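A short write-up of the structure that comes next.
Each reported figure results from applying straightforward, stated rules to the coordinates on display, with no laboratory input. None of the values given here were measured: they were computed from a predicted structure. Note: ideal-geometry Cβ built from the backbone for every residue, glycine included; neighbour counts use all protein chains shown.
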């Protein structure tokens with residue numbers, strides 16, 4: 001049975017039945033009141049799977065930033081960003097400086113500046129197709145999810161100090177805000193962790 005109001009689950013995702021207080025806090029629209037947001041580790045039949053408005057591409061209207069894990073962002077569209085504004089600006093600059101997608105900025109290729117529009121010159125199509133294929137096959141989407149989960153685990157264990165499975169979203173965000181975050185340093189740590197994990201995945205693929 002879904003809890004009333006939004007909560008942060010220990011797995012890193014936000015769950016619960018949307019209430020009017022969530023609308024007042026800016027996490028949802030009136031049309032979502034009574035709808036349920038579930039997490040990846042809950043069985044399909046654990047929630048009341050009511051129909052969501054058609055404008056949502058997936059049944060997640062609010063999520064934690066996949067970098068800092070300390071901010072909640074509105075989402076639900078394939079073009080929604082993965083990160084809060086502060087983290088997103090740094091990571092976008094990182095990708096621009098590298099001339100490559102070191103970290104995906106969202107699930108849709110357009111968010112990551114990969115375009116397959118008909119306006120591309122014919123000679124650029126093969127390179128664009130190759131870039132799109134690499135983006136779709138990349139393990140980076142799963143890795144930024146895993147990094148977000150590590151950040152949530154940190155807040156549960158170190159900052160909040162709770163042993164339960166859920167924390168009300170408002171309480172979680174207030175506790176996370178109490179910790180001073182050096183986002184530049186955090187991004188460096190995230191990139192280093194992702195690089196190590198990619199190396200491990202490549203090694204296992206070679207050995208397997």
Per-pair calculated FRET efficiency, R0 = 22 Å: residue 150 and residue 93 via Cβ, rounded to 0.05: 0.45
Least to most buried among 199, 18 (fewest other Cβ within 10 Å first): 199, 18
Relative exposure of 8, 33, judged by other C-beta atoms within 10 Å (fewest first): 33, 8
